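Quick notes on the structure that follows.
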Amino acid sequence: MSISRTIQLPDGTEIPALGQGTWWMGDEAHLRHQEIEALRRGVELGLTVIDTAEMYGDGNSEQLVGEAIADCRESVFLVSKFLPNHASGAELQQSLEQSLQRLQTDYLDLYLLHWRGNIPLQQTVLDLEQLRSDGVIKRWGVSNFDVCDMKELLACDGGDNCQANQVLYHLGSRGIEFDLKPFLVANQIPLMAYSPLAQAGRLREEVLASDTLRQVADVHDADPFQIMLAWSIRDHNTLAIPKSGNVVHVERNAKAGSIELSESQLQMLDQAFIPPNHKMPLDII
Ligand code: NDP
C-alpha cells in the first residue's frame, strides 16, 4: 500500500505526505517490540518517511529506528536532526557518523538543523553541502525556522539548497499560516509538520473536544485524529509526521492519507479553529 498524497522536494524527489515521528520511542525496554512493529507496519503501509534526531533519548530513538528498518532501509526516506551546537566542522561530522552508526546505514535522505543556535548559518550550510557532495547525506534542511531565519538562510551561499523546514503545525496551532507557510510555498520549500496530533495534554484535549472536528470525522467515517492529519497535509506542500508506537494507531494514521476534505469542511474547520490574522511567534516544543 502507499500514501496517495505526495509532496515534491525542491530537488524533484517525490515523497509521501505522511510519515512517522519517533520522539520518545526507544526509551522504554518493555515498549521496544511494539514500537518496532508499529514503525515496520507504517513502512509497509507507505509511511516511509521516518523522522528521528540525535537528541531523542540521546540516540535511543535512532537506535530503535535502525533496528526497525535494518532489512528495509532502501524503502525508507530517513530523516535525522543534529543539535545546534554540533552545527559545523568536526562536531557535525561526528554527529552524523554517530547517527549513521545508530541507524545502521551509510547515508541519510535528509539531515536537519534541529533549531537555530549561535553558529553562523553560512558555516553550517557550507559544511552540509560538503556532506552532501560526499554522499553521506542526500539533502539537508532546517527545523524551527521562522520567516526571518528562512530569509537569512536563503541569502547564504548554497542556502537555496534547503529541502524542508520542520515546524510545529496542527489544527490548534495555526500561527504559521500568517506568514511562514505562504513564504515556504512561494519559495517551494516543503513544510514538515511536527506534532500534527498536538502531541498530548491540554491543548490536544481542547482540539479533540471540538464538535466540528467530530462532525467532519463522522462524514468521512474517520476519527478526529485522522481529520487532523488530513487537514495538516491539505495544501500539497506539507508533510506530517505523527508519532505512534501502536500498530492500530499507525494503521489509522496511514488511512488519513486518502481523506480529501471538501471546501465546505475546510471552512467549517476554519470557523472552529480560527486562522491567524496577524504575525504570531513561532510555536515550538
Ligand atoms: P504527535 O502530534 O505526533 O502526537 C503523538 C501522540 O499521539 C502519541 O501520544 C501517540 O500515542 C498519539 N497518537 C498517534 N496516532 C494516534 C492515533 N491515530 N490515535 C490516537 N492517538 C494517536 O506528537 P509528537 O510531538 O511526537 O510529533 C511527531 C513527531 O514530530 C515527533 O515524534 C518527532 O519526530 C517530530 N518532532 C520534531 C520536533 C522538532 O523540534 N523538530 C519537536 C517535536 C516533534 P501512541 O504512540 O500510543 O499512538
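The values are calculated or read from the model by the stated rules, or taken from the named source; none is laboratory data. If you're wondering where the values come from, they're calculated on a predicted model, not measured in any experiment. Note that each Cβ is placed from the backbone with ideal geometry, even for glycine, and that neighbours are counted across all protein chains shown. For the accessible areas, the whole protein counts, side chains as well, though only heavy atoms, and no ligand, DNA or RNA atoms are used. Shrake-Rupley method; radii C 1.70, N 1.55, O 1.52, S 1.80 Å.
Dimensions of segment 6-272 along the principal axes, based on C-alpha atoms and rounded to the nearest Å, stand at 53, 43, 33, largest first. Of all DSSP bridge pairs formed entirely within segment 85-226, close to 10 percent run antiparallel. From the Kirkwood radius over Cα pairs of segment 213-285, Stokes-Einstein at 4 °C and 1.567 mPa s returns a whole-number translational diffusion coefficient of 96 µm²/s. For the listed peptides 2-15, 270-283, a ranking on the average number of other beta carbons within 10 Å per residue, highest first, reads 2-15, 270-283.
Assign unit charges at the C-beta atoms only (+1 for Lys and Arg, -1 for Asp and Glu), then state the dipole size of the chain relative to its Cα centre in Debye, rounded to the nearest 20. Kindly include the intermediate steps, with their values, before the conclusion.
Working: 22 positive and 40 negative charges, 69 e Å.
Here the chain has a charge dipole of around 320 debye.
The calculated FRET efficiency for ASP160 paired with GLU14, based on their beta-carbon distance and R0 = 25 Å, is about 0.80.
Ranked by the mean number of other Cβ atoms within 10 Å per residue, highest first, peptides 17-28, 65-76 order as 17-28, 65-76.
Among LYS81/LYS279; LYS81/LYS243; LYS81/LYS138; LYS151/LYS181, which pairs are too far apart, with a Cα-Cα distance over 20 Å? Checking Cα-Cα distances, LYS81/LYS279 exceed 20 Å.
Per residue, the accessible area of segment 6-272 comes to 41 Å² when a 1.4 Å probe rolls over the protein heavy atoms.
For the peptides 201-210, 166-175, the ranking by packing is 166-175, 201-210, with the highest mean count of neighbouring Cβ atoms within 10 Å listed first.
Placing unit charges on each Cβ (+1 for Lys and Arg, -1 for Asp and Glu) gives segment 6-272 a dipole about its Cα centre, and among THR212, ASN246, HIS86 the Cα reaching farthest toward its positive end belongs to THR212. Counted over the chain, the DSSP beta bridges are approximately 15% antiparallel. Placing R0 at 35 angstrom, the Cβ-Cβ distance between ASP270 and ARG132 gives a FRET efficiency of 0.35 after rounding to 0.05.
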